[in-house]
Amino acid sequence: MMSGFYVEHPGMHTLIEDAGRIGKANLGLTTGGPADRMAFYWANRLVENARGCAALEVTYGGLKLHSSCNSSIALTGADIELKINNQRVRNWQSHIIEKGDFIELGFSQNGIKAYLAIKGGIRVEEQFGSCATVVREHIGGINGSALIKGDWLPVEEQICAHTNALPENAIPTYLTSLNLRVITGYQYQQFSVHQRQRFFSSEYQVSSQWDRMGYRLQGEAITFPKQNMLSEGIAYGAVQIPADGQPIVLLNDRQTIGGYPKMGSVFSLDAYQLAQCQQGAKIRFEPISIENAHNELYLAQSRFKQIEFIKKAAN
């Protein structure tokens, strides 16, 4: 058996995710992948992986693992206490793991999704070009489901040459009040001027209905002229307006097609922040041009590459 990690306790909801299942919507398969892509990328970079390597997405916490090998790990994303052999260690930093070590995650104090990356990535079989878990489709990960007690996470035994730590000033803060920038779509002009103004001037709250598929919001209802609409492909971050007028922001595990009118799509960097929110978070929308969104994304990718880790030799 390949070396790896034994799942002593799976936590509340832990998934194996890689960068996602791209280009398979024509087969009815959604993208999947990490809900907070930036935190996922940082976790992999800290353990010197390619940024799309399979890692664990841990919702709220509670995960417990036993190691059968020497390796390196890093935990990013939500503020969840990380312990190795009952000793608290720093998040947003790589740590050497030795054979027999016990890894334990507490529960979130800020944000809801954390990412545990392991040097070399988790080696599970890909399905349709990805090992990303989409529970609704019963695909990816281990048997298409969240981790359960007794699961085995295979990895190749290897460690990082250095301990890598993200500088404190580069660690993101997860807020409970967000301004989500929206790239308006072609149906936007079909909403009346009044409804468009209402959408961008109202405050919404995250309802009790939120998951990796999308976030249903509560607030001022938006109306759309009654008309027959054909179902069409759904983009990441799409803001649908269903019959009750309460916006829905669709995320990683969204359906591939739908027939509700859409205001546009939430800018991806903001959608990652939304995925760290839970019920009661306050949401406002503002428009952004596709040109400015491209510029913002380019700058974020550039900053990601330019930030240098605090390094020290591995023990």
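The table for this structure:
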| read-out | value |
| --- | --- |
| Pick from the stretch 32-51, criterion touching a helix residue (DSSP H, G or I) at 6+ places or on another chain (Cβ under 7 Å) and charged (D, E, K, R), ranking: nearest to His13 (Cα to Cα) | Asp36 |
| Positions within the stretch 25-42 being part of a loop (DSSP other than H, G, I, E, B) and touching a strand residue (DSSP E or B) at 6+ places or on another chain (Cβ under 8 Å), in sequence order | Leu29, Thr30, Gly32, Gly33, Pro34, Ala35, Asp36 |
| Selected residue (criterion: nearest to Leu46 (Cα to Cα)) from residues of the stretch 296-311 that are open to solvent by 90 Å² or more (accessible area, probe 1.4 Å) and part of a helix (DSSP H, G or I) | Lys305 |
| Number of the exception - Ile290 against (1) closer than 20 Å to Pro242 by Cα; (2) exposed (fewer than 15 other Cβ atoms within 10 Å of the Cβ) | (1) |
| Candidate set: the stretch 257-268, residues that are open to solvent by 20 Å² or more (accessible area, probe 1.4 Å) and outside any helix (DSSP H, G or I); chosen: the one nearest to Gln195 (Cα to Cα) | Lys262 |
| Residues within the stretch 193-215 that are touching a residue at least 24 places away in the same chain (Cβ under 8 Å) and farther than 21 Å from Ile234 by Cα, tallied | 9 |
| Yes/no for Ala271 being in a helix (DSSP H, G or I), surrounded by 18 or more Cβ atoms within 10 Å (Cβ to Cβ) and of a type in the set (Gly, Ala, Ser) | yes |
| Pair list, Cβ < 6 Å and 6+ apart or interchain, from the stretch 102-131 residues that are in the same structural domain as Ile159 (by TED's automatic domain parsing) and at negative phi to residues that are of a type in the set (Lys, Arg) and open to solvent by less than 10 Å² (accessible area, probe 1.4 Å) | Ser130/Arg21 |
| In the stretch 114-138, residue nearest to Glu8 (Cα to Cα) [restricted to those that are open to solvent by 10 Å² or more (accessible area, probe 1.4 Å) and not in a loop (DSSP other than H, G, I, E, B)] | Val135 |
| The stretch 209-256, residues that are touching a strand residue (DSSP E or B) at 6+ places or on another chain (Cβ under 6 Å), open to solvent by 60 Å² or more (accessible area, probe 1.4 Å) and either assigned to a loop (DSSP other than H, G, I, E, B) or closer than 26 Å to Ala146 by Cα (or both) | Gln209, Arg216, Ser231 |
| Extreme residue, least open to solvent (accessible area, probe 1.4 Å), among residues of the stretch 139-159 that are over 14 Å from Asp253 (Cα atoms) and not in a loop (DSSP other than H, G, I, E, B) | Leu153 |
| Qualifying residue in the stretch 179-201 (condition: among the aliphatic types (A, V, I, L, M), in contact with a Cys (Cβ under 7 Å, 6 or more places away or on another chain) and modelled with pLDDT of 95 or more) | no |
| Single unsatisfied condition, Val206 versus (1) part of a loop (DSSP other than H, G, I, E, B); (2) open to solvent by less than 10 Å² (accessible area, probe 1.4 Å) | (1) |
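For (1) among the charged types (D, E, K, R); (2) outside any strand (DSSP E or B), each residue gets a yes or a no:
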site: Glu8; (1), (2): yes, no
site: Asn44; (1), (2): no, yes
site: Gly52; (1), (2): no, yes
site: Ala74; (1), (2): no, no
site: Ile96; (1), (2): no, no
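The values are calculated or read from the model by the stated rules, or taken from the named source; none is laboratory data. What you see is a predicted model, and the numbers here were worked out from it, not measured in a lab. Note that we place each Cβ from the backbone using ideal geometry, even for glycine, and neighbour counts take in every protein chain shown. For accessibility, only protein heavy atoms count, side chains too; no ligands or nucleic acids. Shrake-Rupley method; radii C 1.70, N 1.55, O 1.52, S 1.80 Å.
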